[in-house]
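Worksheet: the structure to be examined is printed underneath.
The values are calculated or read from the model by the stated rules, or taken from the named source; none is laboratory data. Keep in mind that what you see is a predicted model, and the values were worked out from it rather than measured. Heads up, the Cβs are rebuilt from the backbone with ideal geometry, glycines too, and the neighbour counts pull from every protein chain shown. To get the accessible areas, we keep the full protein, side chains included, count just its heavy atoms, and leave off ligands, DNA and RNA. Shrake-Rupley method; radii C 1.70, N 1.55, O 1.52, S 1.80 Å.
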Amino acid sequence: MTLARLDHARETGALTLSDETRLVLLEPSPDADLGTLSGFDIVIQQNFKPAYDLFEAMGYPVTTYATGPADAVLVTLPRSRDLARGLLAQAEAIAPGGLVIVDGAKTDGIDAMLKFARERVSVAGQISKAHGKVFWFTASHAFQDCALPDPAPVLSGWITQPGVFSADGPDAGSEALIEALPKSLKGRGADLGGGWGYLTRHLLDVPGVTHVDLVEADRRALTCAEKNIIDDRVSFHWADATKWGVAGSLDWVVMNPPFHTSRTPDASLGQDFIRSAARLLRPKGTLVLVANRHLPYETTLASCFAQTQELDGDSRFKVLQADQPRTPDKPGRTKRR
C-alpha cells in the first residue's frame, strides 16, 4: 500500500527500473507491499525491530546498515529531518552513479525534502499521489555533508543521535516520571521502550533495584543507551516491547510508552505496552508509567491491574502506578489522589 507512488511512477512509464535492478530499501514502512518488486534483487535496511522481524519472516535479506553496491536505492522518508537527510547521503554512497528514489507523505515533509534536494541535484522526475510524492535523481556526492553522525554527547551530556526520540536531551515526560518514581521499587524490572537510557540510568540509583532490562525497538537508540550506561546490572534488548520477555518474571516495570505511528497519534501503542507489562509482572508486581494527559490509558490499566492510582502530574503529563496484575477472579479498585 505505501509503495503506491512508486508503483504509479513505474506504471505510467515516468520511472523505469530493469528486472535485474539491485535495489536497496532504506527504512521501508512495515505495511509496504513489496509484492510489486518481486522481480528485483532486494536488500532491506531496517532499524525498527518489529519491521525488521516482519521483513525477515517474509524471506527478504534484512540488515541494520546497508552498504551496497546497488543500482538504485529507495528512501522512505522518516519523521526526523536530520535522519532523512542522512539517508540521502547513505543512498548516494550505496549506489554511486545509480538512482536515488525518495518517497514520502506530505505530513512527513516530502515537499520540504524535494525543495532541499532541488538545491543540490537535478531532479529527474516526480509523481504526486496519495497525499505525498515520490521523486528521483542520479546519485553523485551532493549530500555528503548530510551523513548521519555517530552517537555523540549533546549539551546535557547524554549520548544521542539525530533521528532517535528526544535526540536533544531528556524529554519532559521522562523527567516528570523520575521526579515521581517510587523509591520502594526493588528486585528485577524492565524499562520498556527505554530509548537511549535516561530512565534506566536513574533506576539504577534506586537502592532496592538489582537489575534492569532495557528493551528498545529502535536499534540506533539502543546503541546510544549502550554507550550511556556501563553497569553490570543492565541488560540491553533490541526487541518489540509488546512481545518481549517471559511472563511473570519481573518485579516492576517502568515506561514512557510511545504513542505515534508515523505522525499519527495512536493510543493503542501505549495500551499494548500496558498489557505487556501486566504479562511480564509477578502477582505482586508494580507498573509505573508517564503519559500525556489526554491519552486514555486508565481503562486499560483498570482491566489489567487490581489497583491503579495517579502519583503525580500537571496539565501536560500524568504519572500512573498500577499494582497486582489482574486475574479473572480478583476484582480491582482505583485510587484517586
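The single residue among G68, G97, G59 that is free of Cβ contacts under 8 Å to residues at least 60 places away in the same chain, under 16 Å from A124 (Cβ atoms), open to solvent by 30 Å² or more (accessible area, probe 1.4 Å) and not in a helix (DSSP H, G or I) turns out to be G97. Of all the residues in region 1-31, those that are touching a Ser or Thr at 6+ places or on another chain (Cβ under 6 Å) and open to solvent by less than 10 Å² (accessible area, probe 1.4 Å) number 1.
Restricting E92, E119 to residues that are buried (at least 21 other Cβ atoms within 10 Å of the Cβ), more than 11 Å from V134 (Cβ to Cβ) and of a type in the set (D, E, K, R) narrows the list to E92. A single member of L17, L74 is in contact with an Asp or Glu (Cβ under 7 Å, 6 or more places away or on another chain) and not in a helix (DSSP H, G or I), and it is L74.
Scoring L148 on the criteria (1) modelled with pLDDT of 95 or more; (2) in contact with a strand residue (DSSP E or B) (Cβ under 8 Å, 6 or more places away or on another chain); (3) not charged (D, E, K, R) leaves a single failure, condition (2). Quick check: anything in region 37-52 surrounded by fewer than 19 Cβ atoms within 10 Å (Cβ to Cβ) and assigned to a helix (DSSP H, G or I)? Scanning region 37-52 turns up at least one residue that is surrounded by fewer than 19 Cβ atoms within 10 Å (Cβ to Cβ) and assigned to a helix (DSSP H, G or I). Is it the case that region 256-275 has a residue that's open to solvent by 50 Å² or more (accessible area, probe 1.4 Å), closer than 23 Å to P78 by Cβ and at pLDDT 95 or above? Within region 256-275 (the criterion being open to solvent by 50 Å² or more (accessible area, probe 1.4 Å), closer than 23 Å to P78 by Cβ and at pLDDT 95 or above), the answer is yes, since at least one residue qualifies.
For region 71-89, filtered to residues that are open to solvent by less than 10 Å² (accessible area, probe 1.4 Å) and among the β-branched types (V, I, T), the residue that is nearest to K115 (Cα to Cα) is V75. For region 67-90, filtered to residues that are among the aliphatic types (A, V, I, L, M) and closer than 11 Å to Q45 by Cα, the residue that is farthest from the chain's Cα centre (by Cα) is V73. Just to be sure before I move on: is P30 part of a loop (DSSP other than H, G, I, E, B), closer than 26 Å to S166 by Cα and not aromatic (F, W, Y) in the structure I sent? Taking the combined requirement at face value, the residue satisfies it. Taking the conditions exactly as written (hydroxyl-bearing (S, T, Y) and buried (at least 18 other Cβ atoms within 10 Å of the Cβ)), does T160 satisfy them or not? Here the answer is yes, as T160 does meet what is asked. Residues that are in a loop (DSSP other than H, G, I, E, B) and under 18 Å from R201 (Cα atoms) within region 129-160 comprise P151, V154, L155, S156, G157, W158, listed in sequence order.
Results for (1) farther than 20 Å from G163 by Cβ; (2) surrounded by fewer than 22 Cβ atoms within 10 Å (Cβ to Cβ); (3) free of Cβ contacts under 8 Å to residues at least 40 places away in the same chain, shown as yes or no for each residue.
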position	(1), (2), (3)
G189	yes, no, no
L192	yes, no, no
Y198	no, no, no
T210	yes, yes, yes
A217	no, no, no
C224	no, no, no
F236	no, yes, yes
A239	no, yes, no
A247	yes, yes, yes
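Among the residues of region 122-137, the one identified as open to solvent by less than 10 Å² (accessible area, probe 1.4 Å) and touching a His at 6+ places or on another chain (Cβ under 9 Å) is V134.
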